[in-house]
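Each value in this text was obtained by applying a stated rule to the coordinates, not by laboratory testing. Please read these numbers as outputs of a predicted model, since none were measured by experiment. Here the Cβ positions follow ideal geometry from the backbone for every residue, glycine too, while neighbour counts run over all protein chains shown.
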Ligand SMILES: NC(=O)c1ccc[n+]([C@@H]2O[C@H](COP(=O)([O-])OP(=O)(O)OC[C@H]3O[C@@H](n4cnc5c(N)ncnc54)[C@H](OP(=O)(O)O)[C@@H]3O)[C@@H](O)[C@H]2O)c1
């Protein structure tokens, strides 16, 4: 099968590609890729992705031999792809995996609309051109696999329904959710009105691999865990809220099975843990126990987080933000601006933690059972038996071990923390100050 793939330098798509290499012996790829802001070219970026894949050397070599890089610029017509190559894509591509998106929660709408909505529309134009070409030559229809998000549904007080072919999102939590909802509505319209072959995947929060605990991106629950470890999150709220976290390797296994088996071509598959969501308080308790037992910094004390009512929590956050903003205005010290920015970034995450998000998933589980070799998302949390004792399932330990091994992907410098701890916090750093983008 010949695939055109976006998002190869991200967190999720490389794992899907790893799987496709194992599941489709004839896989050939066109990878849409751009230079990065540091000036690394597309070839160098692709090579570093290949080096990071969980494939043996012959499989990596095979992937390189079967890959062609397509430099893109989403703002340009036809993604800025040179015309000869665009025609080649139309002639050859059989399946598109569109996994690229700007996943930041603090971007202005007009900015994030480009990678999340406009990009998706241009990908659809490519699908449409491929469809027409294949029809002309009597070939099978192409399929577009689009990675949306469960959070495109925005604020829903009730459990979020699986309402395909409908879609009724609530008020968006942020511009990311808003633009992902717009893109989903666009794709749904093409399925409903034009009967196009489009499969929309809706993962919830994607966490580290269930097999290894590893992740490429340390955001959302990872940041909250890090702040807890650093003692910079004295308060939190909504202990009973459940976080719907699914491991990246499970997400990739479902997507790649559906792509490689080639039997399911139209609809929405939600990738959620549903009733297995992990309560915020459980995550805190397991994290607290793990980090205090395995802390690599001698003498470092991890305070317990206090759970407080929502109004109190949000007032504290606002007071802190205003304090840092005023301090920055008065002193012009960059440190205060960084703190205020860090709090704003965290504010983007809070809706995921403090607002109840329960995702129905039984319809999708039926699809997953029918069209893939996957079972339900592996249990992510340690569970309690009937006497309230914790039965360890191990996933938490894996992801927490990874955070200590990598220092949250470099966000935490244990040596520096060790030095500071040894100085007995003579000059304590204000809360929430460790967030970095
Ligand atoms: N991670 C989650 O928890 C989660 C949950 C639900 C759904 N999703 C969805 O899953 C998909 C993959 O997410 P992810 O976590 O892998 O994201 P990620 O790690 O941030 O990767 C995003 C990918 O999109 C590419 N991209 C973004 N803007 C682009 C642009 N303007 N032009 C070209 N490429 C662009 C990035 O390329 P560069 O490296 O060049 O920036 C990167 O390859 C997204 O559609 C996301 O909405 C993710």
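Observations on the model:
- Highest-first arrangement of 255-267, 140-152, where packing means the average Cβ count within 10 Å: 140-152, 255-267
- Prolate/oblate/rounded label for segment 1-103 (Cα gyration tensor, a/c 1.5): oblate
- Segment 322-376 versus segment 222-298: alpha-carbon centroid distance in Å: 12
- Cα gyration tensor, segment 50-128 - rounded (a/c under 1.5), prolate or oblate: oblate
- Folded to 0 to 90 degrees: helix 221-230 orientation relative to the chain principal axis, Cα: 20
- Ascending count of other beta-carbon atoms within 10 Å, so fewest first, for 34, 310: 310, 34
- The length gained by stretching the chain between residue 355 and residue 405 to full extension, at 0.36 nm per residue less their Cα-Cα distance, is 14.9 nm.
- Segment 127-190 and segment 1-73 have their alpha-carbon centroids 24 Å apart.
- Where the Cα pairs of the chain fall when distances are cut into 10 Å bins, in %: 4, 20, 30, 26, 14, 5, 1, 0
- Ranked by how many other beta carbons lie within 10 Å on average, peptides 90-101, 43-54 from highest: 90-101, 43-54
- Inter-label distance, nm, simple model (7 Å from Cα along the C-beta direction), residue 194/residue 23: 2.6
- Residue ranges 64-72, 174-182 sort as 174-182, 64-72 when ordered by packing (mean number of other C-beta atoms within 10 Å per residue, highest first).
- Estimated D of segment 2-203 in µm² per second, where Rh is the Kirkwood radius over Cα pairs and Stokes-Einstein applies at 10 °C, 1.306 mPa s: 89
- Computed from Cα atoms, the angle from the helix 119-136 axis to the main principal axis of the chain rounds to 20 degrees.
- For the chain, the longest principal axis of the alpha carbon atoms and the long axis of helix 42-52 meet at an angle near 70°.
- Shape of segment 99-183, Cα gyration tensor, a/c cut at 1.5: oblate
- Length gained when the stretch residue 302-residue 158 is fully extended (0.36 nm per residue, less Cα-Cα span): 48.3 nm
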